[in-house]
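Note sheet for the following structure.
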Amino acid sequence: MALKSGTFMDADSFHKGKGTSTIYRGQDGSYLLRLEELAVTNGPDLHVILSPHENPERREDVHTPGYVDLGKLKGNRGNQNYEIPDGVDIT
């Protein structure tokens, strides 16, 4: 079941991104983040981060206390899934 959804936006004139992200809850109660039609500027150290900040514009905003790093981005194009660890507050 889809719980939350959002779209990517450009961070600046160099760091570009588009696509959608959706958080799903499985029948077993687990959570999954799905990125669809992802297309972002490639970089050497891209990570998927869940942040409690409502509208992050800087690295400091993304790394607000309570953020969760789901690991390295699997690729800068296409659809991808990331498991959200138990205990993460997705609100």
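The values are calculated or read from the model by the stated rules, or taken from the named source; none is laboratory data. Fair warning: this is a prediction, and the values are worked out from it, not measured in the lab. Every residue, glycine as well, gets a Cβ built from its backbone with ideal geometry; the counts of neighbours run over all protein chains shown. Side chains included, ligands, DNA and RNA excluded: accessible areas come from the protein's heavy atoms. Shrake-Rupley method; radii C 1.70, N 1.55, O 1.52, S 1.80 Å.
Residues being at pLDDT 95 or above, closer than 17 Å to LYS4 by Cα and of a type in the set (A, V, I, L, M) are represented in the stretch 80-87 by at least one member.
Can you find a residue in the stretch 49-72 that is open to solvent by 90 Å² or more (accessible area, probe 1.4 Å) and of a type in the set (Phe, Trp, Tyr)? Taking every residue of the stretch 49-72 in turn, at least one turns out to be open to solvent by 90 Å² or more (accessible area, probe 1.4 Å) and of a type in the set (Phe, Trp, Tyr). LEU35 meets the conditions (1) at pLDDT below 95; (2) over 19 Å from ASP86 (Cβ atoms) in every case but one. The failed one is (1). Residues that are at pLDDT below 90 and either charged (D, E, K, R) or touching a Ser or Thr at 6+ places or on another chain (Cβ under 6 Å) (or both) within the stretch 52-66 comprise HIS53, GLU54, GLU57, ARG58, ARG59, GLU60, ASP61, VAL62, listed in sequence order.
Out of ASP45, ASP12, ASP86, one residue alone is loosely packed, with under 12 Cβ neighbours inside 10 Å and in contact (Cβ under 8 Å) with a residue 40 or more places away in the chain. It is ASP86.
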